[in-house]
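J.: After the structure tokens below, expect a handful of questions from me.
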Amino acid sequence: LVSGAGSGIGRASAQALMDAGWTVVLAGRRAAELETTAAHAPDRAHVVPTDVTDEAGVEALFAAIKARHGRLDLLFNNAGLGTSNVALEDVSFEQWQAVVGANLTGAFLCTQQAFRIMKRQQPRGGRIINNGSISATSPRPDSAPYTSTKHAITGLTKSTSLDGRRYDIACGQIDIGNALTDM
């Protein structure tokens, strides 16, 4: 499963996984963009439009994975947003909530559902990769919401790694610097 698979790093990652022979569930808010990603290898793509900030939507995503594929071996928590150079004092509450929802709450909800599947499948376990950012430790100016959530992703990664050990669930994090994406 790759969240945020409709563009940027998510699309590139999903396509690389398909090229490597994986069947990839593509999740994201924009169905048309997900279909574009899926066109890369339609026989290895399963499109499930999902807003990762919506708990019921995430539950439905994982129910669809379980129903169609029977298991989940890899989750790439990639979905995310930022604010475009907004001074801290000018960040609206709605902007803050949108970034926290996509970058942190979405990763938590997906991780929680992945645990429920990975703990019970045979063979047990799986891998979770969280998309962090070098911004967590070296922020750019006017990026408080994004930087805060990426710092929190490191905590989620460490907790997930610790809690997953006894179930053969490994969790790691990538901290990408600059990448040529729309974001």
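J.: Which one is farthest from Val24 (Cα to Cα) among residues in the range 47-63 that are in contact (Cβ under 8 Å) with a residue 24 or more places away in the chain and assigned to a helix (DSSP H, G or I)?
T.: Of everything passing the filter in the range 47-63, Glu55 is farthest from Val24 (Cα to Cα).
J.: Let me ask another. Of these, Gly132, Gly106, Gly177, which one is small (Gly, Ala, Ser) and either surrounded by fewer than 16 Cβ atoms within 10 Å (Cβ to Cβ) or over 20 Å from Gly8 (Cα atoms) (or both)?
T.: On the way: Gly132 fails: either surrounded by fewer than 16 Cβ atoms within 10 Å (Cβ to Cβ) or over 20 Å from Gly8 (Cα atoms) (or both); Gly106 fails: either surrounded by fewer than 16 Cβ atoms within 10 Å (Cβ to Cβ) or over 20 Å from Gly8 (Cα atoms) (or both).
Within the list Gly132, Gly106, Gly177, the selection yields Gly177.
J.: Keeping to the range 12-46, report how many residues are part of a helix (DSSP H, G or I), of a type in the set (A, V, I, L, M, F, W, C) and buried (at least 16 other Cβ atoms within 10 Å of the Cβ). Walk me through it before giving the result.
T.: Taking the range 12-46 first, the residues part of a helix (DSSP H, G or I) are 12-19, 31-38, 42-44.
Those still in the list that are of a type in the set (A, V, I, L, M, F, W, C) too: 12, 14, 16-18, 31-32, 34, 38.
If we keep only those that are buried (at least 16 other Cβ atoms within 10 Å of the Cβ) too, we end up with 12, 14, 17-18, 34, 38.
Residues that pass the stated criteria total 6.
J.: Spot the failing condition for Pro145; the list is (1) within 20 Å of Ala14 (Cβ to Cβ); (2) in contact (Cβ under 8 Å) with a residue 40 or more places away in the chain; (3) crowded, with 16+ Cβ neighbours inside 10 Å; (4) not small (Gly, Ala, Ser), and only one is missed.
T.: The single condition Pro145 does not satisfy is (1).
J.: Additional query: For the range 26-46, does any single residue satisfy the condition of being within 24 Å of Phe115 (Cβ to Cβ) and of a type in the set (Val, Ile, Thr)?
T.: no
No value in this document is a laboratory result; all are computed from the given coordinates. Small disclaimer: the values here were computed from a predicted structure and weren't measured. Quick reminder, even Gly has a Cβ in these numbers, built from the backbone with ideal geometry, and neighbours come from all protein chains shown.
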